[in-house]
Amino acid sequence: MAAKRVAETDEPLSRRVVPRLFDYMDSLSDKKEKTVDLKTPEELYDIFRDAGIPLELGGATNGKPGQEIVHPDALCKSVDLLLKYSVRSGSPMFFNQLFGKAHDVSVAADWVATSTNTSAYTYEVAPVYTLLEVEVLKKVAKVIGGAFADAHDGLFVPGGSLSNLYAIHLAHHRADPELAKRGAVGGPRCVAYTSDQSHYSYLKSSRLTGLGSDNLVKIATDECGRMIPEKLEEAILKTKSEGGKPFFVGSTAGSTVLGSYDPFVAIAEICKKHGLWQHIDGAWGAGAMLSPTQRHNMAGCELADSLSWNPHKMSGATLQSSLFISRHRGILEQVCGTKAAYLFQPDKLNANLDMGDKTIQCGRKTDMLKVWMMWKAQGDAGMARTVDHCFNLAACFAKTIRDDPSGQWELAYEPSCTNVCFWYVPPQLRPFKFATASQAQRDALHQAAPRIKSEMQKQGDALIGFQAVNGRPNFFRMVFASKDDLDNADVVALLGRIAALGEKLCSDIVVN
Ligand SMILES: *Cc1c(COP(=O)(O)O)cnc(C)c1O
């Protein structure tokens, strides 16, 4: 008799799970639901064990039996528990990260992509997906404008960090054409530049590409976190005078903490003058290009050599939806291609459409469907509306802070993108002005945000990140991403709850 592979049941598990997902998604817009039902790792192990579906996969070690077949009822139970104890990133009160609620259309597209289960490397196994990728990239190129609209190359990639890696990788090979064969040893000392507010993926990329962190120069930023072009040019000239080869500027559209947009036009001029590749890391803030009213933040983006954008952040596509695009047609295959004979046979049908040799990976998810379907479902106007709503909420939040006369709020930075960085100031520390505050006052204020955050986490109230940057004590970073379910009244009410918690939890903070 053949071994039984799964427990006997009439119904495929997916049919039992999907209705649970509909219920879950319906519950996300309920403003009374907690953002998280916080548990310790030990508690989670106990909860799953008590429900009859322990987290451990039984192993056949020390003579004990291995993992037994689990009944579908128990698997459904595990899904229920997983949904209950996962962080509800789709909650209107989730502000912890640069993503938020998954758009319904994107969830549907993801299910489709999962069900068709294919890889976006060849037309042969992904005909429609291949064409959709071409079309989405074409649309994005048009939105960027300039030379991108005439010619471009691009890919959906697994995340903004990888997108930035592609940019450095391509630019590096362009600057040093022997690199692919010779390797970095014996070649020019290539040097890249990013701002001191840029994403840490540039540092990782400098290691991965063999540049080394010594050859990734951090450029100072102004009071809003924007790269200072004069400092960039100084650094380029310094590298040249030392015999190095400047080749790449990683500029940022919407820096992760402050939301700052670098001055792209000024940077483009410097890059042109000195022959550098300009990349724009717009993982977070490039969504502004979709909105006629916010497009000005991206002024000059069409002059760059390449750009990253994560539709899974502000626009509400499901994780992950990230794209890399360059205005240099053919560059991806030129640099990344290896012509693997088993996959990319030149003499098979439609081989010219294969995307797979452009990548640094092999198999690749069909992420383009989500963005294509969202764009079709919402039109340009809908894509812009999501972005505008996030910017409007941020403006309302910042205005409430500015207009409050009590001194309980202070902006840590002038807001950019949809990031509002602010302090709650306990009564005994008011008025707090960073520029004139003593170190002791700053140290005291540093304690406030973590106290408030952990209490909000325990209560399942809003999840908001905090951090200390450039010597500024811990401040909250409020970010608005995919916030269609949130309105101005919610935002004002949230500030009220933070203030109430602050009064309660911070009264014993003293200035030493
Ligand atoms: C989020 C972010 C990234 C990284 O994107 P992942 O998709 O998380 O890898 C890069 N740069 C900026 C500015 C970001 O905000």
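The values are calculated or read from the model by the stated rules, or taken from the named source; none is laboratory data. It should be emphasised that the depicted structure is a prediction, and the values quoted were computed from it without experimental measurement. Positions of Cβ are generated from backbone atoms using ideal geometry, with glycine treated the same way; all protein chains shown enter the neighbour counts. In case anyone asks, the SASA skips ligands and DNA or RNA and just uses the protein heavy atoms, side chains included. Shrake-Rupley method; radii C 1.70, N 1.55, O 1.52, S 1.80 Å.
3J(HN,Hα) along segment 443-449, derived from phi through the Karplus expression 6.51 cos²θ - 1.76 cosθ + 1.60 where θ = phi - 60°, amounts to 4, 5, 5, 3, 7, 5, 4 Hz, with x in place of Gly and Pro. For segment 188-341, the solvent-accessible area of protein heavy atoms averages 37 Å² per residue (probe radius 1.4 Å; ligands and nucleic acids excluded).
In this structure segment 435-512 gives 42 Å² per residue of accessible area when probed at 1.4 Å with all protein chains present. Normalised by the number of residues in the chain, the mean separation of alpha-carbon contacts (under 8 Å, six or more apart) gives a relative contact order of 18 percent.
Judged by the gyration tensor of its Cα atoms, with axes a ≥ b ≥ c, the chain is oblate; a/c meets the 1.5 cut and b/c is at least as large as a/b. First check a/c for segment 273-324, with a ≥ b ≥ c the square roots of the eigenvalues of its C-alpha gyration tensor; if it is under 1.5, answer rounded, and if not, answer prolate when a/b is larger than b/c or oblate otherwise. It comes out oblate by the Cα gyration axes.
Listed by chain and number, the lysines whose C-alpha is less than 20 Å from the C-alpha of residue 272, apart from same-chain residues fewer than 8 away, are 218, 231, 238, 240, 245.
Summarising the label geometry, the points placed 7 Å from Cα in the beta-carbon direction at residue 334 and residue 76 lie 5.7 nm from one another.
Protein heavy-atom surface of the chain, 1.4 angstrom probe: 54% of the accessible area is carbon and sulfur, with nucleic acids and ligands not counted. Segment residue 487..residue 40, full-extension length gain: 157.7 nm, with 0.36 nm per residue of separation and the alpha-carbon distance subtracted. Heavy-atom accessible area, probed at 1.4 angstrom with all protein chains present, ranks 50, 73 as 50, 73, highest first. Helix-only arithmetic for the chain: the sum of -39500 (n - 2.57) across DSSP H runs with n ≥ 4, divided by the residue total, places the mean residue ellipticity at 222 nm at -12500 deg cm²/dmol. Ligands, DNA and RNA are left out, and with a 1.4 angstrom probe the accessible area of segment 342-420 is 45 Å² per residue. Across the protein chains, with a 1.4 Å probe defining accessible surface, the residues 418, 116 rank 116, 418 from largest area downward. Mind running the shape call on segment 142-229? Use the C-alpha gyration tensor, a ≥ b ≥ c as the square roots of the eigenvalues: rounded below 1.5 for a/c, prolate if a/b tops b/c, oblate otherwise. Judged from the Cα gyration tensor, segment 142-229 comes out oblate (a/c at least 1.5, b/c at or above a/b). With contacts taken as Cα pairs under 8 Å and at least 6 residues apart, segment 359-512 reaches a relative contact order of 26 percent.
The heavy atoms of residue 189 present about 100 square angstrom of accessible area, all protein chains included, probe 1.4 Å. Longer than 30 Å from Cα to Cα, which of 32/433; 31/504; 101/204 are they? Say none if no pair is. In this structure, 32/433 exceed 30 Å between Cα atoms.
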